[in-house]
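> Pasting a structure here, questions to come.
The values are calculated or read from the model by the stated rules, or taken from the named source; none is laboratory data. Keep in mind the model is a prediction, meaning the values are calculated, not measured. Counting neighbours? That spans all protein chains shown, and the Cβs are built from the backbone with ideal geometry, glycine included. Surface accessibility is based on the protein's heavy atoms, side chains included, excluding ligands, DNA and RNA. Shrake-Rupley method; radii C 1.70, N 1.55, O 1.52, S 1.80 Å.
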Amino acid sequence: MGISLIELCQYEGLTEQLIAEVVEHGIAQPVSGNERVEWVFETASVHWLRKAVRLHNDLEIDWAAVAMVI
């Protein structure tokens, strides 16, 4: 079972663009869906997504550095 991009945005209060940046840097990857609106993530990805966003926002680390840390 997974969580759709829209559900993830609503649940975590994030924008689709922010999640796309996280995906672009390889921090989290959708398990299915070719187009952004079709993306589905494993529920475990939510854990890493939260950590990544917190590092990016709280410590002002850029996404490339966050990807290396995670």
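> Just the C-alpha atoms of the chain: what Rg/Rh do they give, with Rh taken as the Kirkwood radius?
0.94
> From a point 7 Å beyond the Cα of Val40 in the direction of its Cβ, which residues of the range 6-25 have a backbone N at a distance under 17 Å?
6-9
> A further question follows. Accessible area per residue for the chain in Å², computed with a 1.4 Å probe and the full protein assembly in place, what is it?
65 Å²
> How far is helix 43-58 tilted, in degrees, relative to the longest principal axis of the Cα atoms in the chain, given as a value from 0 to 90 rounded to the nearest 10?
30 degrees
> Moving on. Which cross-chain or sequence-distant (5 or more) residues have an amide H under 5 Å from the amide H of Ala28, H modelled 1.01 Å from N in plane?
Val23
> Continuing with the same structure: Be a star and scan the range 33-70 for residues whose amide nitrogen sits under 12 Å from the point 7 Å along the Cα-to-Cβ vector of Glu21.
The answer is 53-58, 60-66, whose backbone nitrogens lie closer than 12 Å to the label point.
> Leaving out ligands, DNA and RNA, what percent of the accessible area of the chain is carbon and sulfur, probe 1.4 Å?
51 percent
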